[in-house]
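*Asks:* Dropping a structure here in C-alpha cells format, bear with me for questions.
Coordinate-derived values only; no laboratory data. The structure presented is a predicted model; accordingly, all values stated were derived computationally and were not measured. FYI the Cβ positions are ideal-geometry reconstructions off the backbone, even for glycines, and counts take in every protein chain you see.
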C-alpha cells in the first residue's frame, strides 16, 4: 500500500499523465492494422483490377474470418484483364 501511494504522489509531483505516449501508440497501431486489413482492396485499386469493387466488398465483409482476407488478397493478385475502347476484354 505504501508503494502505490508514493508512486501516485511521485506521478502527481512530476505532472506526467499516467498513459503519456500511449495514445500515439494506440493510434499508430490502429492505422497500421487498418492498412493491413484493407491491403487486398488497396492492391486491387492500385493495379486497376477489373474486379476491384467485389474485392473491396469481400475485404470489408469477410476479413474478420482471416480465410476471407486471404481469399481477397490472392484475388487481388490475380491477372488484370485489360479492355479496349469498346469495353471488350483483350
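*Asks:* So what is the diffusion coefficient of segment 37-82 in µm² per second by Stokes-Einstein at 4 °C and 1.567 mPa s, using a Kirkwood Rh over Cα pairs?
*Replies:* The diffusion coefficient I find is 131 µm²/s.
*Asks:* In nanometres, what is the gap between the two model label sites at residue 22 and residue 53, each 7 Å from Cα along Cα-to-Cβ?
*Replies:* 4.4
*Asks:* Another question, then. Under the 0.36 nm per residue contour assumption, what length would be gained going from the current alpha-carbon distance of residue 45 and residue 62 to full extension?
*Replies:* 4.3 nm
*Asks:* Would you please state which residues of segment 52-71 a label at residue 80 would reach in this model, taking the label point 7 Å out along Cα→Cβ and a backbone N cut-off of under 16 Å?
*Replies:* 52-56
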